[in-house]
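I have placed the structure first, in the form of C-alpha cells, so that the comments after it can refer back to it.
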C-alpha cells in the first residue's frame, strides 16, 4: 500500500510507507533474492534473537530433513560464514547484539558471492532493526507511562506495584518480580511489593549482604544469573538464612527459579532498596539490555519514593504548623483569661491525651493534669538535671521498675523557670512535643507575669517594713495593716539573706523568688518576707519564744540545700528575738550586721548576732580603717625574705594555738629551735615583745582581725 501526497506548490508527488509496509517489502525482496539464488533447491531460514536460547524456524522452502539446530556450533566472530555438514549447506550471519541468522539448504555449494552475502547480511540486519524498533517503542511507551504515573500519583504502594508490573510487561522472559526497601530501624531489606509470588513473600527480610539481593544492596551493583544451580549456589555462598530460603521456595508456587536479575535502587549516593525479576517457566534468557531496562524502572521507584517522602514531609510540616497554631491559640486564650498554671497544665494533658506534670521552680510547686498523680522526680534531681543544661532530655529509670520520661525545661533567656515531665512507653510523638513546646512558651509568659506581680508585692511589703522599723508606734501601724497577719504582742526576730556575686540580675531575681517560696512553705511562722536588690528580708512572728531555735534550724536546712544544689554563695544573718513590735527595728539592724560579717569573711552559711561575740565591736568600724591596720601590721612580714621563712604563718599559728611552742612546732612541721628563731625574728621585725602585755594585745588583735575578716590584702 502506497500513500501518495501531492504538494501543489512544488508540483511534487511524494510516496510514504509505514514501518510495517517497509518490513513486508524488505522481507518479500529477501525471499525473492534467496529463491533466485537457491533456484530449485530447498532452503530454510532460522533466527536466534538475544533473548532466545535456540534457533527458531521462520521460513521454509521445499522439504529438508529435520535437524537439531542446537547441536550446531556457530562462530560468533565472523559476520558470515559458510560450511557444510552431511550434504547440507549452512550460511550463518552474526550481529553485534547477539542476533544470529542461519540459512540451511541442500545445495552442494553456495550460490552467493561475497557481494551477495553482504546484501543478505544487510537485509537480515534491517529486519532485526525494525523488530528492535517496535520492541523499543513498546518499552518506551511503558517507561513514559511509568513516569507519568510517578508524576501524578502519590499512593506509593499502588505505584510501586505498577512499576513492577510495567517491568515484567516489557521484559518478555520474566515471570515475576518483587521490590525490597531498606528499613534503617530494623537494619534489614523488607519486601514492599511483589507480582507473581504467593503472599508469603511479604515476610522476606534480608540482612545487608545476605543472599543475592542482600549483596546487590551492599555492593550497589546489578547481578544476573542464568541457571538454577548458579542461583542457589550464590544464595548459599552469601549465607541465606533457612527461614528466608523457605519463604522464597514457598512463594514460588512450586516453580523452580531458572534465572534472576537484581538491581539496586538508589537516591543519589544513598541505596534504599533492590528490584528483582525472576524467570520460572518461560523460554529465553535475560540480557544486558534487560538489566539496563530494569535499572530504568528502579530509577522510577527512587523518584516515586523521593516524591512520597517530600510529600510526606510537606504534609507533616503543614500538620505541624496547623497544630502549633491550634495549640497556641487555645493556650493563649487561657492565659489572657488569667486561668492560671493549673488550668493550662490540665489543658496540655488533654491535648496529649496522657499524664503531664509541671514543676514550678519559682514557687517550688507541682502541677498535675490528673488527681493523685505522683511527683516523678525530687526537686534536687530536677536541679541537678538542669544545673548546666538548657535543652529537653529523655531520662530512663531502671529501678525499682523501668520507666521513661521526657523533661522539657521552661527557659526565659538563660534562666530556668521550671520543666514539664511526661512519662512515655515507646516514643514521644512530634505532635506531643509541639504541644509541650507551645505550652512551655505560654507558661514562660505566665511565670514572668507572675514574677512581675511578685515584684510589685515585694515593693509594697518593703515600704511597709520600713514604716514599721522607723515608726515610734509600730504596734499601732501593725494593727492597721491586718493583711500581714502580725500580732504586736508576739516575739519577733528579723533575718537577712544576702545572695553574693550575681552577675545576671534576672537570675538573681528568680533565685530570690524561689528561696522565698521555699521559706513560705517550710516556715509558716514567717509573717512578712520580700526581696530587695540582692537580699531577702524576713520577719518571723512567734507566739512562743521557745520556737526560735526550731525556726532557725529549718531556715538553715533550706539554705544548706539551696547552696548545695545551686552552687550559690548565700549568707544569712539572724537578729535577736524579743517580745513586742518595738524590737523589730533593732533585730533588723543586728541581722544586717551579722550578714555583713559573713560576707566580709567570705563565708557562706547562717550566723546569729549573739554568736559573733567580740567581733561585734568591729562590725561598725570603717572597713578601710581595719583593712589599713591589718595590712600595715603584717607588711614587714611580707618581704621576700620573711615569706621564705613563713613568718606570717608562724605568727598566726602561734597565736591561734595560745602560744604553745610544742603544738605550734608540730603544726608547722618544724623543730622547736627553728620555731624559737622565727619568733625572735618576728619580734625584731615588728619591734614588739610577746612578753609585753600591750605589745601582745596588739599582736593578738591583728591576728584575730586577719583571720576574722576577709578584706585584708596580701602585700607584694
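General observations
- Protection proxy ranking of 384-396, 593-605, 351-363, by the mean of other Cβ atoms within 10 Å over each peptide's residues and highest first, is 351-363, 593-605, 384-396.
- Using the average count of surrounding beta-carbon atoms within 10 Å as a protection proxy, the listed peptides 341-347, 213-219 rank, highest first, as 213-219, 341-347.
- Over the chain, DSSP H runs of length four or greater, each weighted -39,500 (n - 2.57), average out per residue to a 222 nm ellipticity of -16000 deg cm²/dmol.
- Sorting the segments 162-171, 279-288 by their mean number of nearby beta carbons within 10 angstrom, highest to lowest, gives 162-171, 279-288.
- Just so you know, the averaged projected area of the alpha carbon convex hull for segment 153-310 sits at 8.5 nm².
- Stokes-Einstein D in µm²/s, Kirkwood radius over Cα pairs - segment 338-445 at 37 °C with 0.692 mPa s viscosity: 234
- Inter-part distance where segment 653-693 and segment 487-516 are each reduced to a Cα centre, Å: 45
- Against the chain, whose longest principal axis is taken from its Cα atoms, helix 430-470 shows a tilt of about 10°.
- log10 of Debye I(q)/I(0), alpha-carbon scatterers only, for the chain at 0.05, 0.08, 0.10 Å⁻¹: -0.59, -0.88, -1.10
- For segment 560-669, the relative contact order works out to 18 percent when only alpha carbon pairs closer than 8 Å and six or more residues apart are counted.
- Once the Cβ-Cβ distance of residue 656 and residue 500 is raised to the sixth power relative to R0 = 25 Å, the FRET efficiency obtained is 0.40.
- For segment 623-708, the Kirkwood hydrodynamic radius from C-alpha pairs, put into Stokes-Einstein at 20 °C and a viscosity of 1.002 mPa s, yields a diffusion coefficient of 163 µm² per second.
- Using C-alpha pairs under 8 Å with a sequence gap of at least 6, the mean separation divided by the residue count of the chain gives a relative contact order of 6 percent.
- By the Stokes-Einstein formula, at 0.692 mPa s and 37 °C, segment 166-222 with its Kirkwood radius over alpha-carbon pairs has D equal to 269 µm²/s.
- Mean sequence separation of contacting Cα pairs (under 8 Å, at least six apart), scaled by the length of segment 153-310, corresponds to a relative contact order of 27 percent.
- By DSSP, the beta bridges lying fully in the chain are antiparallel in about 95 percent of cases.
- Tilt relative to the chain, helix 228-237 - C-alpha long axis, 0 to 90 degrees, to 10: 20
- For segment 204-254 versus segment 171-194, the gap between their alpha-carbon centres in whole angstrom: 12
- When the alpha carbon coordinates of segment 471-609 are projected onto the principal axes, the ranges are 41, 27, 26 Å, largest first.
- The long axis of helix 341-352 is offset from the longest Cα principal axis of the chain by roughly 20 degrees.
Laboratory data are not the source of any read-out in this text; all were calculated from the coordinates shown. The shown structure was predicted, so the numbers you read here are calculated from the model rather than taken from an experiment. Glycine gets a Cβ as well: all are built from the backbone with ideal geometry, and neighbour counts include every protein chain shown.
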